[in-house]
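Comments concern the structure below.
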Amino acid sequence: MALTMSSPPKLASDNMAFVSTCGGVDGVLSRIKLPSGVKKVVPREFRAMIGQVAGGGRTGKPLIKAGDAYNKYRHIGHAGTVGGHKVSGQKVGQIAARQTGRSEGTAALMAKKQSA
């Protein structure tokens with residue numbers, strides 16, 4: 001639902017979010033209920049999309065099973081970098097990467113230097 005006459009939708013524009021009308025005031029204003037439970041009064045000329053979005057379901061689905069989380073974060077089983085001497089089409093991903101793993105913080109690096 002739009003906040004002003006010519007603005008893009010701002011209220012309840014997330015997936016699975018909706019606004020319901022609670023009634024009218026003076027025939028000029030409408031009372032709506034937002035997903036947070038707050039009731040707001042807006043002019044009746046404001047525009048809103050009515051109906052369901054195509055595709056309908058929730059796009060950001062939770063990781064329901066432990067196996068889903070395991071498969072999401074597991075390693076690919078081979079080097080993730082590609083040599084620069086490969087032909088076109090094979091050079092995808094990380095080409096001549098300086099680093100592919102998680103970066104260590106400066107505190108960890110300083111501790112390594114001091115212990116060595």
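If we scan the range 32-43, do we find a residue that is small (Gly, Ala, Ser), surrounded by fewer than 11 Cβ atoms within 10 Å (Cβ to Cβ), modelled with pLDDT under 80 and not in a helix (DSSP H, G or I)?
Pass one, the range 32-43, residues small (Gly, Ala, Ser): 36-37.
In the following step, the residues that additionally are surrounded by fewer than 11 Cβ atoms within 10 Å (Cβ to Cβ) were identified as 36-37.
Next, only the ones that are modelled with pLDDT under 80 stay: none.
Within the range 32-43, none of the residues are small (Gly, Ala, Ser), surrounded by fewer than 11 Cβ atoms within 10 Å (Cβ to Cβ), modelled with pLDDT under 80 and not in a helix (DSSP H, G or I).
Pairs under 7 Å by beta carbon, first residue small (Gly, Ala, Ser) in the range 16-36, partner loosely packed, with under 13 Cβ neighbours inside 10 Å, six or more apart or different chains?
Hits for this filter: SER30/THR21; SER30/GLY24; SER30/ARG44.
Write out, first by first residue and then by second, each pair whose Cβ atoms fall under 8 Å of each other, whose residues are 6+ apart or on separate chains, and whose first residue, in the range 70-93, is outside any helix (DSSP H, G or I) while the second is at pLDDT 80 or above and surrounded by fewer than 10 Cβ atoms within 10 Å (Cβ to Cβ).
Cβ pairs passing all conditions: VAL82/VAL92; LYS91/GLY84.
What do you reckon, is LYS86 more than 30 Å from VAL25 (Cα to Cα), modelled with pLDDT of 75 or more and surrounded by 11 or more Cβ atoms within 10 Å (Cβ to Cβ)? So that I can check it myself, show each step before the final result.
Numbers: more than 30 Å from VAL25 (Cα to Cα): yes; modelled with pLDDT of 75 or more: yes; surrounded by 11 or more Cβ atoms within 10 Å (Cβ to Cβ): yes.
Criteria met by LYS86.
The values are calculated or read from the model by the stated rules, or taken from the named source; none is laboratory data. In this text the structure is predicted, and so the values were computed from the model without any measurement. So basically every Cβ, Gly included, is an ideal-geometry build from the backbone, and we count neighbours across all protein chains shown.
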